[in-house]
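Written out below as structure tokens is the structure these notes cover.
The values are calculated or read from the model by the stated rules, or taken from the named source; none is laboratory data. Treat the numbers as computed from the prediction; the structure is a model and nothing was measured. All Cβ positions, even for glycine, are placed from backbone atoms using ideal geometry, and neighbour counts span all protein chains on display.
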Amino acid sequence: MKFTYNWLKEYVDVDIPADELSEMLTMAGLEIETLTYLGAGLDNICSVKILDIEKHPNADKLSICKVTDGESEHEIVCGAKNMKGGDIVALAKKGANLPNGIKIKPTKIRGVVSNGMLCSETELGLADEAGGIMILAQDTTIGKPVIDILGLDDYLFEIGLTPNRSDCLSLIGIAREVAMLTGAKLKTIDFVADESSESVSGAIDISIQNASACNRYTARVLRGVSIKESDPIIKSRLNAIGVRSINNIVDITNYVMFVYGQPMHAFDYDKIMGKKIIVRNASDGGKFTTLDEKERELTAGDIMICDEKRAVALGGVMGGMNSEVSDDTKDILLESAYFDPVTIRRTAKRLGLASESSHRFERGVNPQTVTVALDYAASLMQKSTGCKILSGIADVWPVKYESRDIKARFARINKVLGTDLTNDDILNLLGRLMFEVKQKSDEHVLVEIPQYRHDLVKEIDIIEEIARTYGYNNIKVTMPKIPAVSEKRSEKEVTAAKVRSLLVNNGFYEVINYSFCAHKDLEIFSGDLIDRRIGVLNPINEEQSVMRMSLLPALIETVKKNMNHKNNDLKLFEIGRSFMKGDSGEIFETNRFTGIITGLCYEDNWSNAKKVVDFFDIKGIVELILESIKVIRYSFKGGASSKYLHPAVSTQIYIAGEKVGEIGELHPDILEGYGIDKKVYAFDFDFDRLCASQKERVVFRQLPKYPYVKRDIAIVVDKGIACD
Amino acid sequence: MTDDLLQIKQKALDELKDLNKLDDIYNLKVKYLGKKGSLTFVLRNLGKMLPDKRREVGMLCNKVKVELAAAIESAADKVKLAEKNRKLLEEKVDTSLPGRRPALGRLHPVNKVNEEIKDIFLRLGFVIQEGPEIETDYYNFEALNIPKDHPARDMQDTFYISKDHVLRTHTSPVQVLTFEKQSPPIKIIAPGRVSRCDSDVTHSPMFHQVEGFLVDTDVTFGDLKGILIAFIHQMFGEKIAVRFRPSYFPFTEPSAEVDMQCVICMGKGCRVCKKSGWLEILGCGMINPAVFEHVKYDTEKYTGFAFGMGVERIAMLKYQINDIRLFYDNDIRFLNQF
């Protein structure tokens, strides 16, 4: 939610420095994400009148403008063509430091001294494009700083509003908060709407068929509007908060929405057939073209605003093309309604159509200002166009909004917060919040919740409001009084800590890769298990579209990436989860512990032999891992079953007859696929099984009494017989 | 005769002076003190002298012999020492060459910080618990007071696995999983991976969180402040200022965001803290009674607090890392800095 300080000041009598206000709001839970001075870079720029334009003697494309600021005359060299004598334009004088970084000083251009620069909207940082210099209105005072002319001596606030505070999706909501924080007085919005003798009742007939989705629908009819550019104040305020100006009518509906938080819609009255508005549910599969010229597919949950024959708006979300206000529009039907938040949210979510309107309806608008906003908008339209406002409001209101009372216990407030606020303290804080106390006793207070605070439902909500108003930083710091417990770190924690430190101390780098991977990784590494994969329904890209079933693909990818940086000697490992579906679709998350080595055994150094790692280096590491965690009954059996390992340089790791992992050289075909032409070895443990495996209890053994005797025995056997 | 002896001694000493090889010294010893040596010759001829003379010469002769022997020994020692020293010097190495180091790897910085966080909370008496990365909609949202069709769902862009399963968007589901199994007092931290559909310089689709929660009778917001200030002081230094700012999380109320004094500029205002002097470091609050209702805890009897922090964020602040994606590139040149 964005607003400017000057705009806010219309609704609350506040005059503290902007950065102070920003800090106050932030500390009250309305976090100001950015605070920008709108006049930045616009000093030393003022309005001047062009007295005369001459051609530059030495350049065809340049001209020399003689301008006056009312006190003195200046000669300015200018490259634009869109100005004429008598125009009022913006002159950047000596000392100006424009938003785009240009510093202005008298400069000789092709032999003629230019005492400043006539500026375009782009140069002033007001627009992305400009077709020449900015021409100001004819009645602009000469010699006035442009900051004042354009109303830019102002600050833009942007609140990162949390979803609970729908009340602050409006200027008056923020004004209320400012009044609460500073004690400043709220100002009322004064406006007059002159109603004509023609009554609205003959002009429109409203009916609601789905009252649970549309609690209230009100409308006014305005006759004889003219569609034109907006009032400059409305236009500049909307511009400042990043809303594009369209025309006076649309701008007013937007403007009033920002003021009151009440979304509105203006229909071209003549396009509403049969003088009827029927609010009903859409039918499944129906189609409707919204204002943004997109055809939308509907479902039964959507709220449709219809005339006698057809739908004219997607209620609460966006108007329709067929009833849009155009340059020829004469009469207006102005809508202000209260739609059910959940219904609006479902529609907006499903269609991916989050508008300022749906954003407010789905968070809840203020039921008390539905018609106030309607009247205000009508009066602004009358002011802008002199149109007739038909007397009365067409108002169908099937579901009344019930006011809510919450009981809050004084003791409970202090119990949760750890404060010792007196009953009076608490009543004062409630007063600052403008909550009405309906009833009170020594134990509790009954608070009437303002209708704009949809987020306050339970006692705890009041406790939060009290805490927020009291100030979180005023609450005393304490330490919890909780019995001491003695608990061990889990087996998994302990084992992980041991093996990680072992590997790190043996030259391994720990890496962390994503839990998701590309589908092709599963094809290579998961074999038949691929059918048990778990996909992500809405991945960011294909590379992250399915949950990983092995840690290896990403490790090989890591090797490849490092080799691209000429780091060829690598020892890497990761402990992380792999994911798989069970027979009946249940999800299994298994911890895996996977390592990979390639390149030189030892650091490449002036004296180390350049020995390259082989199978026995990875096997040695595996043995070290097992022994460091006191696994005794381990063994290596046969070749590995995994297709990604070298069939003749791989084996399986067993503990007490149970397979816990595999080691081996990666299959050259696999590596070729990654563009790696070096030998790479890997180990892969089922880490959960490793943790659960039986560990040796350490018991001291007596040292032998005699020195050992070494015997060298050689036995000749067939080549095919394994060492063990 | 005595003159001869003194001459022999002088001669021997003179010769000895010029010798710097052990063999020459031993030859000299033989020449003078050996069986056929000149001093031995004198001694051997003592018998032929008169008794008075014999005694005088004999005594002198012995004295010369002892002196010569001592001089020779000392000369030999000197040469031996010089020899030893020479040999040692011959072994000289260029100590400026780099050492031959046993290989040393590194823990991943995220895990390093994760371990630090765990250690601090373990010392504060918390117990570690983990939960699944693929979570049901119920545990990730519903039970945490984020019903379907609630705008709060927009706060976290979710990866869906199926209609009912998501990649957990936070570690908070561990709260509910724990409450279902245990009764208070509870004092747990739950570290783990979480995922959100978001990817840029400060957002990674997968990152790490540490959730913490404490439930008992009489746990207050003041206690929450106490624990978190203790944590921040241990993690970033005793003097770091901390502030609590109202915020909104559906599963806590009152909710707060915790800012600490910017550790880069020490609160003066810099690019990292966007000139505010403060850095947002974690989210927290008193556990919403609505969460307790889901697990049938007595909301009158028990209160508790919960907090959650992003490990990458803390690591980025601690090491002044400016791009979260570096953590997952696993470039050795990055990893070996920690």
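List of remarks:
- Filtered by the rule that a residue be in a helix (DSSP H, G or I) and facing another protein chain (nearest Cβ under 10 Å), the range B:176-231 gives B:F221, B:G222, B:D223, B:L224, B:K225, B:G226, B:I227, B:L228, B:I229, B:A230.
- In the range A:550-565, residue farthest from A:G675 (Cα to Cα) [restricted to those that are of a type in the set (A, V, I, L, M, F, W, C) and either out of contact with any Cys (no Cβ under 8 Å at 6 or more places or on another chain) or outside the structural domain of A:S526 (by TED's automatic domain parsing) (or both)]: A:L551
- Test: residue in the range B:302-322 that is assigned by TED's automatic domain parsing to the domain that holds B:D200, closer than 20 Å to A:A28 by Cα and small (G, A, S): no
- Here B:P102 passes the criteria (1) under 27 Å from A:A496 (Cβ atoms); (2) at pLDDT 90 or above; (3) not hydroxyl-bearing (S, T, Y) except the one numbered (2).
- Inside the range A:429-443, residues that are part of a helix (DSSP H, G or I) and among the hydroxyl-bearing types (S, T, Y) make up a count of 0.
- Sub-7 Å Cβ pairs linking a first residue in the range A:553-574 that is at the interface with another protein chain (Cβ under 10 Å from one of its Cβ atoms) and under 16 Å from A:D617 (Cβ atoms) to a second residue that is part of a helix (DSSP H, G or I) and among the hydroxyl-bearing types (S, T, Y), at least 6 apart or interchain, are A:L572/A:T558, ordered by first then second residue.
- Filter result for A:S197 (within 26 Å of A:S379 (Cα to Cα) and surrounded by 14 or more Cβ atoms within 10 Å (Cβ to Cβ)): no
- Some residue of the range A:410-424 being away from every other protein chain (no Cβ under 14 Å) and exposed (fewer than 15 other Cβ atoms within 10 Å of the Cβ): yes
- Candidate set: the range B:159-175, residues that are part of a loop (DSSP other than H, G, I, E, B) and under 38 Å from the mean Cα position of the chain (by Cα); chosen: the one nearest to the other protein chains (Cβ to nearest Cβ): B:F159
- Subset of the range A:501-521 [more than 8 Å from chain B (Cβ to nearest Cβ) and outside any helix (DSSP H, G or I)]: A:C517, A:A518
- Filter result for B:I240 (touching a helix residue (DSSP H, G or I) at 6+ places or on another chain (Cβ under 9 Å), assigned by TED's automatic domain parsing to the domain that holds B:V113 and surrounded by fewer than 20 Cβ atoms within 10 Å (Cβ to Cβ)): yes
- Every residue from the range B:28-50 that is assigned to a helix (DSSP H, G or I) and closer than 16 Å to B:T2 by Cβ: B:S38, B:L39, B:F41, B:V42, B:L43, B:N45, B:L46, B:K48
- Residues of the range B:170-191 classified as out of contact with any helix residue (DSSP H, G or I) (no Cβ under 6 Å at 6 or more places or on another chain), crowded, with 22+ Cβ neighbours inside 10 Å and not hydrophobic (A, V, I, L, M, F, W, C), total: 4
- Checking each residue in the range B:239-251 for being closer than 17 Å to B:G226 by Cβ and in contact with a Leu (Cβ under 9 Å, 6 or more places away or on another chain) picks out B:V242, B:F244.
- Any pair with Cβ under 7 angstrom, 6 or more apart, that starts in the range A:461-488 at a residue that is more than 7 Å from chain B (Cβ to nearest Cβ) and ends at one that is assigned to a loop (DSSP other than H, G, I, E, B) and basic (K, R): none
- Neighbours by Cβ (under 9 Å, 6+ apart or cross-chain): first from the range B:320-336, at the interface with chain A (Cβ under 10 Å from one of its Cβ atoms); second loosely packed, with under 12 Cβ neighbours inside 10 Å and assigned to a helix (DSSP H, G or I): none
- A:E129 being assigned to a loop (DSSP other than H, G, I, E, B), crowded, with 16+ Cβ neighbours inside 10 Å and free of Cβ contacts under 8 Å to residues at least 60 places away in the same chain: no
- Reported count of residues in the range A:575-591, each being part of a loop (DSSP other than H, G, I, E, B) and either among the small types (G, A, S) or touching a residue at least 40 places away in the same chain (Cβ under 8 Å) (or both), is 3.
- Of everything in the range B:124-158 that is assigned to a strand (DSSP E or B) and hydrophobic (A, V, I, L, M, F, W, C), the residue that is modelled with the highest pLDDT is B:I134.
- Residue selected from the range A:229-249 under the condition buried (at least 22 other Cβ atoms within 10 Å of the Cβ) and either within 25 Å of the chain's Cα centre (by Cα) or hydrophobic (A, V, I, L, M, F, W, C) (or both), by the criterion modelled with the highest pLDDT: A:I249
- Taken together, A:S391, A:S403, A:S384 contain a single residue that is exposed (fewer than 15 other Cβ atoms within 10 Å of the Cβ), over 23 Å from B:V219 (Cβ atoms) and polar (S, T, N, Q), which is A:S403.
- Within the option set B:I117, B:I134, B:I128, being more than 7 Å from chain A (Cβ to nearest Cβ) and either in contact with a His (Cβ under 8 Å, 6 or more places away or on another chain) or β-branched (V, I, T) (or both) holds for one residue only, B:I117.
- Any hit, the range A:360-382, residues being within 14 Å of chain B (Cβ to nearest Cβ), at pLDDT 95 or above and farther than 19 Å from A:A266 by Cβ: no
- Some residue of the range A:625-641 being within 50 Å of the chain's Cα centre (by Cα), assigned to a loop (DSSP other than H, G, I, E, B) and small (G, A, S): yes
- Flag for A:Y634 being within 14 Å of another protein chain (Cβ to nearest Cβ), surrounded by 14 or more Cβ atoms within 10 Å (Cβ to Cβ) and of a type in the set (F, W, Y): no
- Test result for A:D583, within 26 Å of A:L671 (Cα to Cα), surrounded by fewer than 17 Cβ atoms within 10 Å (Cβ to Cβ) and more than 10 Å from chain B (Cβ to nearest Cβ): no
- Any hit, the range A:493-500, residues being of a type in the set (S, T, Y), under 34 Å from the mean Cα position of the chain (by Cα) and not in a strand (DSSP E or B): no
- Candidate set: the range A:592-610, residues that are within 11 Å of chain B (Cβ to nearest Cβ), in a strand (DSSP E or B) and among the hydrophobic types (A, V, I, L, M, F, W, C); chosen: the one nearest to A:N513 (Cα to Cα): A:I597
- For the range A:319-334, the tally of residues that are closer than 21 Å to A:C214 by Cα and in contact (Cβ under 8 Å) with a residue 40 or more places away in the chain stands at 4.
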